[in-house]
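Right, one structure below, let's go through it.
The values are calculated or read from the model by the stated rules, or taken from the named source; none is laboratory data. No experiment lies behind these values; they were computed from the predicted model shown. Every residue, glycine among them, receives a Cβ derived from its backbone with ideal geometry; neighbour counts consider all protein chains shown. In case anyone asks, the SASA skips ligands and DNA or RNA and just uses the protein heavy atoms, side chains included. Shrake-Rupley method; radii C 1.70, N 1.55, O 1.52, S 1.80 Å.
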Amino acid sequence: MPPHKAAVTNPLIFTSSPISPPPPPPPPLLYDGGKFNSGCDCPVIKDAFLTKCGHSFCYMCIVTHLNNKSDCPCCSNYVTTTHIYPNFLLNKLLTKTTASQISKTATPFEQLHQALKQGCEVSVKELDSLLSLLSEKKRKMEQEEAETNLQILHDFLNCLRKQKLQELNEIQTDLQYIKEDISVVERRRVELYRARDRYFTNLRIRGDDAAPKMWPSLMEKRSSGITTSGPSALGQPRMGSSASQSIKAEAKTSLTGQAMQRKDSHGAPDLQHVNQSGLAVTRKRRVHAQFHDLQECYLQKRRHSARQSNAQDEKNVKSQSREGYHGGLDDFQSVLSTFTRYSRLRVVAEIRHRDLFHSANIVSSIEFDRDDELFATAGVSRCIKVFEFSSVVNEPAEVQCPVVEMSTLSKLSCLSWNKYTKSHIASSDYDGVVTVWDVNTRQSIMEYEEHEKRAWSVDFSRTEPSMLVSGSDDCKVKVWCTNQEASVLNIDMKANICSVKYNPGSSYHLAVGSADHHIHYYDLRNISQPLHIFSGHRKAVSYVKFLSNNELASASTDSTLRLWDVKENVPLRTFRGHTNEKNFVGLTVNSEYIACGSESNEVFVYHKAISRPAAWHRFGSDTEEADEDVGSYFISAVCWKSDSPTMVSANSQGTIKVLVLAA
């Protein structure tokens, strides 16, 4: 149907009605990149139909539209389903255009497949030639694919061979270390046994001169029951029963030593099976239980010692610390000795104080004073209690009372004793106030109120006793001086501060544990950026403590402890075994051991060289009270007594225990 034309009006004929303007012409049917612009929104027109106003649409598109509205989508003229007709010319054009597009974008294989499918006339000779060409192409592609696969396999095997050779070289080197160390240890053991045998031989020779003369008098004394302080008839001094037992024991030990020497000379049992005492067996069991960690520790120390020796020939002499021991072996023997020495925590004393005025009894912090004579506790009960350690250990639990009590206005989060002035102790509280107290006068010396939110941590410098540092939920670290009323330094950070700690060997270096999962290590002489940021924890870092000038331990609510080298800026070890997901459970360190609490109401002790716990102790509940919420209790504070195996710990119930490492 041709496009609709407007009626022509004779300009010489006057009419009373106004002349209507002609309707706009229909838009032309344009072809643009494979798409016909005909007013249809479909990307490709299928089954084109033409309206009486001259517009083309997909049949389904125009029918759907006309069912809802009786007008043309393009010009809004009145149109119904009876006013649309098939557009045969456009459908033919679309078919050709589609074929042309396919031929342009199709691969040669698709074009060939389409041609054959459409019945293209091909002779048998042409097909044979085509099949031969395809067969040759297939063979070439299969060969190339096989060569590629072999090349990949060859590269993999070479890489694997290189890796295994490296592992073999490491194993051979480790075996050489082990062989050398076994020889050193065997020589040392032989020397010890020979020295012991020489001692007992000399002791037996000296005892043989006196024993024949002493034993008759002893027998006479035992038979007669007479005790005198004067000389016997034989001119020898009389001896008590303990001396007699001592002589018999020495004689027995001497015989045992001779038997060992005979066994050694005949090469019978191995030296490592000579001493099978219960303690030795128990310590060996601990070695086998933690064999993997001990193996890694030994190899790490031995390799490190070897690298140092190779880097500087002078250290070949220095690395042999005693009796031919290499430095690495000597270090590992120290680890092995300290790790296997203890297997449990034994309760020495217990304090069960209940605050009558506060239902909450969580102890947030425990700290020993400079001389380890006093320890202080603080927590949500708003009171600092100072105990005399010797009294707590030696006196009955019923009479154990603090020697000093100092009340505060807010809940306390942390304590820190001044290591120079014995009577000074600092506290931080939930109101953000940092206070320095004098234990002797029970009065506060200084109060700092600059923090805007809860202060979690405070610490006195060991090298500059007038300086202390605090960290708060206001994302600020503040450095204070007891001689000034305002902070002397501020560090603004982006996350809450959970813990701050001075390096024990420097008044300038500071570790900050943050809620951003990192430990920030600062030099206070330049606070524009930290010296290093230690990353590894997956949750907030709740505590940081220094084992030495170079070793830093951290605790996090990701249930791990981590050990870092702040000098080399590297992680050393990760400790797992306790549970800590939401609470502050305490952290304490000494030169060899790291201890922390757990949300299972247990105290865990780790050796710094072994990633698994060395000992643990569970706090019990009050059996009389039969508390139903015993599962909600957790360890809230721990503190070593310097480098001794003794610690003080407390839980959220308010129970304080003195624990000591035991075999």
Subject >> Sequence of LYS92, LYS301 from largest to smallest accessible area, 1.4 Å probe >> reply: LYS92, LYS301
**OP:** Once you've got the Cα coordinates, tell me which of LYS385/LYS539; LYS162/LYS608; LYS494/LYS545; LYS545/LYS641; LYS385/LYS501; LYS411/LYS608 are over 25 Å apart.
**Re:** LYS385/LYS539; LYS162/LYS608; LYS411/LYS608
Original post:
For the residue pair GLN172 and ALA280, what label-to-label distance in nm results when each label sits 7 Å from Cα along the Cα-to-beta-carbon direction?
Top reply: 3.6 nm
**OP:** Quote the accessible area belonging to LEU131 in square angstrom, nearest 10, computed with a 1.4 Å probe and with ligands, DNA and RNA left uncounted.
**Re:** 110 Å²
Original post:
If the chain between ASP372 and SER507 were fully stretched, how many nm would it gain, using 0.36 nm times the residue separation less the Cα-Cα distance?
Top reply: 46.4 nm
Original post:
Measuring from label point to label point, each 7 Å out along Cα→Cβ, what is the LYS117 to ALA662 span in nm?
Top reply: 8.7 nm
**OP:** For an R0 of 35 angstrom, estimate the FRET efficiency from the Cβ-Cβ distance between SER390 and GLN443 and round to the nearest 0.05.
**Re:** 0.85
Subject >> Largest-first ordering by accessible area, 1.4 Å probe, given options TYR193, TYR85, TYR502 >> reply: TYR85, TYR193, TYR502
**OP:** Note the full-extension length gain between THR64 and TYR85 as 0.36 nm times their separation in residues minus their Cα-Cα distance, in nm to one decimal.
**Re:** 6.0 nm
Original post:
At THR105 and SER644, where each label point lies 7 Å from the Cα along Cα→Cβ, what is the point-to-point distance in nanometres?
Top reply: 8.5 nm
Original post:
Sorted by accessible area (1.4 Å probe), largest first, how do GLU452, GLU296 line up?
Top reply: GLU452, GLU296
**OP:** Express in Å², to the nearest 10, the accessible area of CYS74 obtained by rolling a 1.4 Å probe over the protein heavy atoms while all chains stay in place.
**Re:** 60 Å²
**OP:** Could you please state, rounded to a whole Å, how far the C-alpha centre of the range 41-100 is from the C-alpha centre of the range 551-619?
**Re:** 77 Å
Original post:
Whose amide H sits under 5 Å from the amide H of CYS498, counting only residues 5 or more places off or on another chain, with H placed in the peptide plane?
Top reply: GLY513, SER514, ALA515
Original post:
Which semi-axes, in whole Å and largest first, does the equivalent ellipsoid of the range 96-199 have when worked out from the alpha carbon gyration tensor as the square roots of 5 times its eigenvalues?
Top reply: 79, 16, 7
